[in-house]
Amino acid sequence: MYISSNKNFNPTESIELYNYREHFKILSKLYNNNSFPRILLLSGEKGSGKFTFIFHLINFFFTFDDKKESYDIKNYRINTENSFYKNTVSNINENLVYIGKDSHKNVSVENIREIKKKFNTTSLNNLPRFTILDDVDLLNSNSANALLKLIEEPSDKNYFILINNKRKKMIDTLKSRSIEFKIFLNSKDKYNIAELLSKKYSVNINNYKHYLNITSPGSFIRICDCLEKIKVNNKLNLYSSAEILLDKFRKDKKEIYLESIKFLLDCVIADGIKKRKLNFIKMGFLKKIIVKRMYDYENFSLSKNSVLETLKSLS
C-alpha cells in the first residue's frame, strides 16, 4: 500500500470515524450481501473524510470474523492491534492498494500500469483486494483511458474505490462505469468535525473559525496549521500573505501553500460580499483569473508577480 499524505495528517492514523455512519451501514450491508459495487465512486469536497471513511469500512470487512481484532462497530473505531491495520501502516498489506497524488504530481499512466501488474498475480491469502484511486477528477485523458481499460472487467476478487474531490469535471465515461455515493457535510457536521480534529492535532482554528463553511474540515485544519506555522495570520493583508505562501511553494513544492492562498482569497471575497464592498459576479470572474494564474505558477513556473498583481485590488 502507498499513502501520499502530509505526515502530520496521515489518514491511516485516523482510527476514529467522526461521520458517515449511515453510509457505513449501507455499504457494509451491501458487502455482507455480496452486492458491494465493483467500482465505487465517492464524490465530495477534498478534505471531507472520504478516504478515512473507506479506510474504516475496509478494515471492518477484513476483521469482521476475528473477535479479538475486530473493528469496534459500536464506537466506529479501528482496533490498532489488528493485523490488517498493522500491515497497512507498515505498507505490506497486499489486500489494500492506494494510488494518490505524490507531492504536486497527478496519478499517471505508470501508476495505473503498476496496479495492472498486481492484478496479474493472485493475492497470497486469496482474499478480496481493494484498490483506492484518489483525485480521479484530476486524471488526464491518457490516465483515465488506462484506468477505463483496467476496470472494464474487474475479477471477483478485485474492487475499485475512486475518490472524486470535485475540483474539476470528472471524465464522463469513467463516471458512467461507477456506482456513485455523494459525500456531503452540513454546517453543523463541519463545525463538530473541525473541533474534534483541532483537538486531536493541536491546531488553533480561532482566527478562521467563521470561514469554516468555505472549505471542508480536513482542508480547514491543514490550512490553519500551515498558516500558523509560517506565521501568516488574519492581520496580514491578502497580498502579503500570498507572497509568503508563493515563495514557500516555490521552495518546498507543497500543495498546501497554494490551497491556503485560495482559502484566504475566499475569505476576503466572502467578507467583501457580506459588507457589500465587492460585486459577486465581478469577484467570480476575478477569482477564475487568479486560480488560473496560480495553476500556471504551479505547473509552468509563471512569475509570482503575475499572481500578486491580480490580488492587489483585494488587499
Of Met294, Met283, Met170, which is the most mobile in a GNM of the chain whose springs link Cα atoms less than 10 angstrom apart?
-> Met283
With runs of 4+ DSSP H residues as the only contributors, calculate the mean residue ellipticity of the chain at 222 nm using -39,500 (n - 2.57) per run, divided by the residue total and rounded to the nearest 500.
-> -15000 deg cm²/dmol
Kirkwood hydrodynamic radius (Cα pairs, Å) of the chain?
-> 21.0
May I ask for the Rg/Rh ratio of region 193-299, computed from Cα atoms with Rh as the Kirkwood radius, given to two decimals?
-> 0.96
Top mean-square fluctuation among Glu180, Glu16, Glu153, Gaussian network model of the chain, C-alpha springs under 10 Å?
-> Glu153
Size of electric dipole in region 182-254: Cβ of Lys, Arg +1 and of Asp, Glu -1, about Cα centre, debye, nearest 20 | 160
Cross-link reach list, aspartates and glutamates versus Lys251, counting only Cα pairs under 19 Å and skipping chain neighbours closer than eight places | Asp102, Asp225, Glu228, Glu243, Glu259, Asp296, Glu298
Looking at region 29-94, which chymotrypsin sites (Phe, Trp or Tyr not before Pro) are DSSP coil and have at most 15 other C-beta atoms within 10 Å of their C-beta?
-> Phe64
Long-range alpha-carbon pairs in region 182-232, meaning those over 15 Å apart, account in percent for 38
Once Lys and Arg get +1 and Asp and Glu get -1 on their Cβ, which of Ala270, Phe62, Leu42 lies farthest toward the positive end of the dipole of the chain?
-> Ala270
Estimated vicinal HN-Hα couplings, Hz - region 183-192 in sequence order (Karplus 6.51, -1.76, 1.60; Gly, Pro = x) = 9, 9, 10, 7, 4, 5, 4, 4, 5, 4
Report the FRET efficiency, 1/(1 + (r/R0)^6), for Lys253 and Lys169, where r is their Cβ-Cβ distance and R0 is 22 Å, rounded to 0.05.
-> 0.30
Longest to shortest principal axis, alpha-carbon extents of region 252-315, angstrom = 36, 19, 16
Which far-off residues, 5 or more places away or on another chain, put their amide H under 5 Å from the one on Glu180, with H placed in the peptide plane?
-> Leu41
Kirkwood-based shape ratio for region 6-47, expressed as Rg/Rh from alpha carbons | 1.04
Compactness relative to 2.2 N^0.38 Å, alpha carbon Rg of region 1-85 = 1.08
In nm, to one decimal, how far is the Phe285 label point from the Asn91 one, both placed 7 Å along Cα→Cβ?
-> 4.9
Just the Cα atoms of region 118-276: what Rg and Dmax do they give in Å?
-> 19.9, 63
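Readers should treat all values here as calculations from the given coordinates under stated rules, not as data from a laboratory. Keep in mind the model is a prediction, meaning the values are calculated, not measured. FYI the Cβ positions are ideal-geometry reconstructions off the backbone, even for glycines, and counts take in every protein chain you see.
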